[in-house]
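See below for the structure under consideration.
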Amino acid sequence: MKRATMTAPGQIEISEATPPSPGPGQVLLRIRRIGVCGSDIHVFHGKHPYTSYPVVQGHEFSATIEALGPGVSGLAVGNKVTAMPQIVCGQCGPCLRGDEHICDALRVQGFQAPGCAQELWVTAADKIVKLPDSFSFEQGALVEPISVAVHAIARAGDLAGRRAVVLGAGPIGNLVAQAARAAGAQVLITDVSEHRLEIARRCGLPHTSNPEDEALAAASRRVFGAQGFDLAFECVGVEATLDAAVANLAKGGTLIVVGVFAEKPRMDLGLVQDRELKIAGTLMYQRSDYEQAVAWIASGDIVTEPLMSEHFSFDRYLDAYHFIEQKRDQTMKVFIDVA
Ligand SMILES: [Zn+2]
Ligand SMILES: [Zn+2]
């Protein structure tokens, strides 16, 4: 079977490997689609702080079950599935209180442990999430980033009737906006890319704004009136959007930090104090987030089709990265078609 290994930043080698067999409590998966994510791109550039080389990437995927290891129940050969990529210790403070996703010893497959960039892959049966037969393999590979969005909105509590601004309309921003809408919020989404704003509108998010043409305060007034917005999701990871969110949130409002910051930003903590703003971070997801993501794709509350930009065959893994490099904000989700 074929395996794609990133041997160094910018380099991927496709090699032949011995097919693995599932041990007790494990399943053998035939990988179908892999989604390339922003974090994968950071690894490609050698700019991911917690990944060393060589690394087998791949954490957003769909698969079918090829074989079950001893002692696995509730799953069957042929099931259409995805799986959560977190490997946790089960013993630290966060694990013991049910927050395994922020385990002190967290390792993520595709970063600190081998990922699914191979034709056949073994993972733990208790990480498997079943997909409805109606799902396309592309939708299955989108469950992971949608779970990121589902977890992000859960960090803000009840969203019914809230007025939310999502800063950033890349794949994660788009999905956070859709998840917030599914949970009952009114949503304004902003980005400097007209292409991404157009994709957002195609996903049923009519309230868009480009900060190069319209300041956030004006966009907020246009969409929400004088009361403004009480919830902001920063999905870019740069100082300008973080600062705009803090400067314009209504009193008592909440900021959820979704974006990954390559550089330490500055923001006006005086406003946080004076306006009683709340700030929370969000990292990855739990099983309940995966299940909600599957449910919202199945119900159509989260629209997936406009996010699917391009497909590459497994042998052209490296070309997928070059495509993303060249197209930048013209792409949303790029898939590797494994089988
Ligand atoms: Zn990802
Ligand atoms: Zn732990």
Of the conditions (1) of a type in the set (S, T, N, Q); (2) surrounded by fewer than 19 Cβ atoms within 10 Å (Cβ to Cβ); (3) under 20 Å from Arg222 (Cα atoms), Thr190 satisfies every one except a single condition; which number is it? (2)
When you scan region 135-174, how many residues do you find that are more than 14 Å from ligand 1 (Cβ to nearest atom), more than 16 Å from Phe335 (Cβ to Cβ) and touching a strand residue (DSSP E or B) at 6+ places or on another chain (Cβ under 9 Å)? 14
Can you name the residue in region 21-41 that is under 14 Å from Leu75 (Cα atoms) and assigned to a strand (DSSP E or B) and, of all such residues, is nearest to ligand 1 (Cβ to nearest atom)? Leu29
Is region 233-254 home to any residue that is assigned to a strand (DSSP E or B), over 18 Å from the mean Cα position of the chain (by Cα) and among the aromatic types (Phe, Trp, Tyr)? no
Please go through region 107-126 and give me each residue that is within 17 Å of the chain's Cα centre (by Cα) and within 16 Å of ligand 2 (Cβ to nearest atom), ordered by number. Arg107, Val108, Gln109
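Results for (1) away from ligand 2 (no atom under 16 Å from the Cβ); (2) touching a strand residue (DSSP E or B) at 6+ places or on another chain (Cβ under 9 Å); (3) among the small types (Gly, Ala, Ser), shown as yes or no for each residue.
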site	(1), (2), (3)
Gly10	yes, no, yes
Ser15	yes, yes, yes
His42	yes, no, no
His45	yes, no, no
Pro54	yes, yes, no
Ile65	yes, yes, no
Ile87	no, yes, no
Asp99	no, no, no
Some residue of region 292-300 being in contact with a strand residue (DSSP E or B) (Cβ under 8 Å, 6 or more places away or on another chain) and either modelled with pLDDT of 95 or more or not basic (Lys, Arg) (or both): yes
Report yes if some residue within region 307-319 is under 18 Å from the mean Cα position of the chain (by Cα) and assigned to a loop (DSSP other than H, G, I, E, B); otherwise report no. no
The residue that is farthest from Ile128 (Cα to Cα), considering only those in region 34-50 that are buried (at least 24 other Cβ atoms within 10 Å of the Cβ) and either outside the structural domain of Ser309 (by TED's automatic domain parsing) or not hydrophobic (A, V, I, L, M, F, W, C) (or both), is Asp40
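The values are calculated or read from the model by the stated rules, or taken from the named source; none is laboratory data. Since this is a predicted model, take the numbers as computed values, not measurements. We place every Cβ from the backbone using ideal geometry, glycine too, and count neighbours over all the protein chains shown.
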